[in-house]
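Notes follow once the structure below has been shown.
Read-outs throughout are calculated quantities, based only on the coordinates presented, and are distinct from any laboratory measurement. Because the structure is a prediction, the values reported are computed rather than measured. We place every Cβ from the backbone using ideal geometry, glycine too, and count neighbours over all the protein chains shown.
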There are 4 protein chains.
Amino acid sequence: MKKAILIIQCPDQKGIVAQVSKFLYSYEGNILEVDQHVDENLGMFFMRAAWELDSFSLEKDEIAARFKEEVGDRFQMEFKLHFNFPKPRMAIFVSKLSHCLFDILGRHYAGQLEVDIPLVVSNHPNLKQVVEAFGIPFHHIPITSETKAAAEANQLGLMKANQIDFVVLARYMQILSAEFIQHFPNRIINIHHSFLPAFVGAKPYHAAFERGVKIIGATAHYVTEELDAGPIIEQEVARVRHHNTIAELVQIGQDVEKVVLSKAIKYHLDRKVMPINNKTVIFY
Amino acid sequence: MKKAILIIQCPDQKGIVAQVSKFLYSYEGNILEVDQHVDENLGMFFMRAAWELDSFSLEKDEIAARFKEEVGDRFQMEFKLHFNFPKPRMAIFVSKLSHCLFDILGRHYAGQLEVDIPLVVSNHPNLKQVVEAFGIPFHHIPITSETKAAAEANQLGLMKANQIDFVVLARYMQILSAEFIQHFPNRIINIHHSFLPAFVGAKPYHAAFERGVKIIGATAHYVTEELDAGPIIEQEVARVRHHNTIAELVQIGQDVEKVVLSKAIKYHLDRKVMPINNKTVIFY
Amino acid sequence: MKKAILIIQCPDQKGIVAQVSKFLYSYEGNILEVDQHVDENLGMFFMRAAWELDSFSLEKDEIAARFKEEVGDRFQMEFKLHFNFPKPRMAIFVSKLSHCLFDILGRHYAGQLEVDIPLVVSNHPNLKQVVEAFGIPFHHIPITSETKAAAEANQLGLMKANQIDFVVLARYMQILSAEFIQHFPNRIINIHHSFLPAFVGAKPYHAAFERGVKIIGATAHYVTEELDAGPIIEQEVARVRHHNTIAELVQIGQDVEKVVLSKAIKYHLDRKVMPINNKTVIFY
Amino acid sequence: MKKAILIIQCPDQKGIVAQVSKFLYSYEGNILEVDQHVDENLGMFFMRAAWELDSFSLEKDEIAARFKEEVGDRFQMEFKLHFNFPKPRMAIFVSKLSHCLFDILGRHYAGQLEVDIPLVVSNHPNLKQVVEAFGIPFHHIPITSETKAAAEANQLGLMKANQIDFVVLARYMQILSAEFIQHFPNRIINIHHSFLPAFVGAKPYHAAFERGVKIIGATAHYVTEELDAGPIIEQEVARVRHHNTIAELVQIGQDVEKVVLSKAIKYHLDRKVMPINNKTVIFY
């Protein structure tokens, strides 16, 4: 089913829901999902609405302008209009660890993710065979401190050539440059292997072991220039015990990582994530 | 804050959200919460909307009639209009086990439950002292097979005298008669100590132990004439291990029971539960 | 590290732990793990002990006889002695759904499962390419009601030729014959897509949807002749809401299924599962 | 049933389990529970064993000396011998918030906690009536910055007069002095309302709200001089959403706090907690 999805933010006031739904109704829109949120501290109103496009009486290309004119301007709205077609194009960056990558590929194979995956990029060659068995091109771009700038230029070229909409770091163990990040604002999803804000940075499972926590976690977030500090999209945890070694924490944690990252990708694809300041609204 | 809450069901068609929100807006309603649900099998639309009453330009007593006239009739709606005042009046029925009762009393004490509790009814005397320390009258109504009819008549008299809106069975180990139930359709909440539909009936922890399940649970549901078969409001589970005795299952399970029952009460109080056929929509 | 693992059951009495640990100590055994369980209803004692083999002063082939003579006979023990080498040999049976299979293959690839997978058997051809990319032979054995007996004979031949120790049904949608099951007593692991004993049989997600449960689950169990009634190894659940369609329940449930099945395989491989009557002890 | 419980730590070497279990067996000990743990980094062995005392052939007062002589000295053990009688004596400190206190009192009432509670101490008077309805003396000791030293002296006097074994801070909003803490090393249990090490210090729910986490938590730990940095006994979490206000985080979190604190008390009472450096082993 072809869908349009509208994401709105504006100063809070009365009548917004009424005007938005009236607009959709006046063009025969069959509303499929609607969710809204008021942030009382910010005095801001947020809304997401999805409707069937086939029976809508406005042309796809007219909708944004007409909505701006009839509703948006009146409420000083910032809004984005999305469609669930063509499918977004997602690049996956990965290093050696396979668990997040395979989880994504498995879901994609099973038809759970409405996305095209034009390529997987890795600084190691080992995952090539399985990726290609899933019918996805694999690009091995080794990185050393000397070649890093050139490697990123190469990566960015691939992103452009493949018209990539957003990037998923599926346990990619290289830190992206500020320049790379600026090409994809709130469009790079990283999985960090701790329950942020606990255990920022390298070796969080070691830090968790040292502190003797009884629960470990993982966090999917949009990448910003400050390491592990971007808007959190999703988190999950798992229980551990004193006898678990660091290697066992890693293994238990990997099960959490892959679930969290795949959920974050799904929310992003469904246009359910709205970053605000350094947080996210996740619409249902 | 004084709130009005509207719960709607009607055949699904376009424009319902638009008309409902237009109605609220036209009388200066500041919408606080709105959630809707379409059941595609039934072809039915369900909606809950809450708005501030103080700034609303219709009188409290006019709202229902005006809504029916302007919106309800047009969409063949069944709807209920609630207000968050005066507080609903809840009776608690309990036998000997204290955990659910104390959890409810503790939450009520802490201001978490917007409800009046005019009385606790028990077929045993043991919980009297604590209940009264919370400032709530305690009625001991013993029940034997001979006195059951008279006891229920006594209970019903107390319900009427205290203008009880709904009843909570907080591990009340007597089966209510069909007649009693008919006084409170979808207004008696029971906690069953299993993950329904597994282990219907008596001694579910024994049955769970026998089957060797690895997870036990509890279910809060509206009471209907068929035992343990009414619409489920909430469920939760806890992990158990082979070495847990039945007594330990009981203790682990009690922690689940009290959380589930209190959540169900909260949903009910917030007018977030809509029973449909033998299921429930739980609005957010 | 080479390990020996001893699994014991016997009538409960004093001194068992002392004698078992004395035996291990007397031959220089370095105990790595030990767990025991007393079933007071049955009056039975259960124990699992694992120790390093390299420093043990008995030859691998002598241990069982010596243990029987020095300890086992005295306490009327039934015991099994396992080693963590050579790796057990596991066959995977699958139909069309990929999620459990891919999860197992991914874990095997990542070195999480100490097992050899000589083959995957399927009644459909679609998963061949990915399975083979993981370096595992794929056998397509179509099944119709006419060919079922011949197909099972074919399967059993493959099991024998590949010296298969145990079989995993990773959403294999055919019912195995009693004869097949008898070849692998407590050595066929099935994943059932409900929280047993709720929703036995076909289409459990449909049944869960009908009943309006708030939580769904999955159960890994050993296969016995009675459908979905064998000893439960592991269970897990996930929360659902009224708006989830059956298709969404299926998708949410698949995430639970794959985790539960992989955990059950891991427990089985680590010799941590002891079936007793129709339940399991899961040693830590 | 009268039980003895032995908690052991010593440098790891072979034969410890054998010697300990032989000791118990040689005096007719019926072992009820045994668990051990090897910390390979520290090279240390930890063990907990519980056995029936009635059938044990050593007198209660002889056990420690005999164990030291026959086993402990040989392995350079540090060990503690506990009995499950007389019941330990627990003081509860609380401020205004009732949820943790009521949860403990409810469990104690229901017979879940094998402990005597000679008194509740509070710097506010409001919880007096309910505490006394449970038959427990309530001491109101107001605290200001001027009276703090005197108040603590008063509290310590009460601890001594009531022969208090350990103290539970059930949301007690005063910081204890180093001197007070030194009277109860690893015998003061605090509940911190965050998932440590995230959000140390005051107002963790505000901090969680600011960071936009999707899960909040609570941590029970032994109190050390460094704030919120002592050995963690238990943790638990709950899921939150972007629309939850800080007040809702508080309420959701309180349900977690009370469960975590009560679990930690139970582990402590059952002598299942062994603090090591700044972590805990939790025996099963």
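Cβ under 15 Å from D:Asn154's Cβ, D:Asn154 left aside: what net charge do those residues give with Lys, Arg +1 and Asp, Glu -1? Local charge sum for D:Asn154: -1.
Find, among the trypsin sites (Lys or Arg not before Pro) in the stretch D:178-242, those assigned to loop by DSSP (not H, G, I, E, B) with at most 14 other beta-carbon atoms within 10 angstrom. Working shown, then result.
On the way: sites: D:Arg187, D:Arg211, D:Lys214, D:Arg239, D:Arg241; in loops: D:Arg187, D:Lys214, D:Arg241.
Those that pass, being in a loop and sparsely packed, are D:Arg241.
Roughly what angle does helix A:148-161 make with the longest principal axis of chain A, taking Cα atoms, 0 to 90 degrees, to the nearest 10? Tilt relative to chain A: about 40 degrees.
Can you give the helix-only mean residue ellipticity at 222 nm for chain A, where every DSSP H stretch with n ≥ 4 adds -39500 (n - 2.57) and the sum goes over all residues, rounded to the nearest 500 deg cm²/dmol? Mind showing how you got there, number by number?
Details: 8 runs with 85 residues, N = 284.
The helix-only estimate for chain A comes to -9000 deg cm²/dmol at 222 nm.
A label point on D:Glu225, set 7 Å along the Cα-to-Cβ line, lies at 4.2, 7.2, 7.3 nm from each of its counterparts in the other copies, closest listed first. Hey, quick one: spin label on B:His206, modelled 7 Å out along Cα-Cβ, who in the stretch B:233-269 has an amide N within reach, i.e. under 16 Å? Counting only backbone N, you get B:245-251.
Hey, what's the Kirkwood Rh for the protein assembly as shown if you take every pair of different alpha carbons, in angstrom? It would help to have the intermediate numbers written out before the result.
Working: mean 1/r = 0.0307 Å⁻¹.
Evaluated over the protein assembly as shown, this radius sits at 32.5 Å.
Each Lys and Arg contributes +1 and each Asp and Glu -1, all at the Cβ; summed about the Cα centre of the stretch A:3-83, the dipole is approximately 80 debye. Remark: B:Arg89, D:Arg48 ranked as B:Arg89, D:Arg48, counting other beta-carbon atoms within 10 Å and listing the fewest first.
Using only side-chain charges placed at the Cβ, +1 for Lys and Arg and -1 for Asp and Glu, the dipole size of the stretch D:89-282 relative to its Cα centre rounds to 340 debye. Put in line by how crowded their Cβ is, counting other Cβ atoms within 10 Å and starting with the fewest, B:Cys100, A:Cys10 read A:Cys10, B:Cys100.
Whole Å is fine, so just give me how far the alpha carbon centre of the stretch B:180-219 lies from that of the stretch B:72-132. What the calculation gives is 20 Å, centre to centre.
Here are some pairs, B:Lys160/D:Lys128; C:Lys160/C:Lys258; A:Lys214/C:Lys128; A:Lys279/D:Lys128; B:Lys128/B:Lys279; B:Lys203/C:Lys258; which of them have Cα atoms lying more than 30 Å apart in this structure? Provide the component values of the computation, followed by the final result.
Values: B:Lys160/D:Lys128 33 Å; C:Lys160/C:Lys258 27 Å; A:Lys214/C:Lys128 41 Å; A:Lys279/D:Lys128 42 Å; B:Lys128/B:Lys279 35 Å; B:Lys203/C:Lys258 32 Å.
Beyond 30 Å between Cα atoms: B:Lys160/D:Lys128; A:Lys214/C:Lys128; A:Lys279/D:Lys128; B:Lys128/B:Lys279; B:Lys203/C:Lys258.
Copy-to-copy label distances for B:Ala207, where each label lies 7 Å from Cα along Cα-to-Cβ, are 1.3, 4.7, 4.8 nm in order of increasing length.
Inter-copy label distances at C:Gly157, using a point 7 Å along Cα-to-Cβ, come to 5.5, 8.3, 9.3 nm with the shortest given first. Here the extension length gained between A:Ala133 and A:Ile252 equals 40.1 nm, from 0.36 nm per residue of separation less the Cα-Cα distance.
Return a whole-number percent for the relative contact order of the stretch B:164-284, with Cα pairs under 8 Å and 6 or more residues apart as the contact set. Present the calculation step by step, with values, prior to reporting the outcome.
On the way: 206 pairs, mean separation 28.4, N = 121.
Computed value for the stretch B:164-284: 23 percent relative contact order.
Taking other Cβ within 10 Å of each residue's Cβ, how do D:Asp12, D:Asp228 sort, fewest first?
On the way: D:Asp12 16, D:Asp228 19.
By the 10 Å Cβ count, ascending: D:Asp12, D:Asp228.
For chain A, the fraction of alpha-carbon pairs lying more than 26 Å apart is 50 percent, rounded to a whole number.
Contact order, relative form, for chain D: 15 percent (alpha carbon pairs under 8 Å, 6 or more residues apart, mean separation divided by residue count). Could you tell me how many degrees, from 0 to 90 and to the nearest 10, lie between the Cα long axis of helix C:16-26 and the main elongation axis, the longest principal axis, of the Cα atoms of chain C? Computed tilt is about 70 degrees. I need the fraction of alpha carbon pairs in the stretch C:3-83 separated by more than 23 Å, rounded to a whole percent. Percentage above 23 Å: 14. Residue of chain B with the smallest Cβ distance to the axis mapping B onto D, distance rounded to whole Å: B:Ala133, 2. For D:Lys60, a cut-off of 25 angstrom between C-alpha atoms picks up these lysines, skipping any fewer than 8 places away in its own chain: C:Lys14, D:Lys2, D:Lys3, D:Lys22, D:Lys68, D:Lys80, D:Lys87, D:Lys266, D:Lys272. Ordering C:Pro118, C:Val250, C:Met90 by Cα displacement along the dipole of chain C toward the positive end leaves C:Val250 in first place; charges were set at the Cβ atoms of Lys, Arg (+1) and Asp, Glu (-1).
Placing a pseudo-label 7 Å from each Cα along the Cα-to-Cβ vector at D:Arg89 and C:His82 gives an inter-label distance of 5.1 nm.
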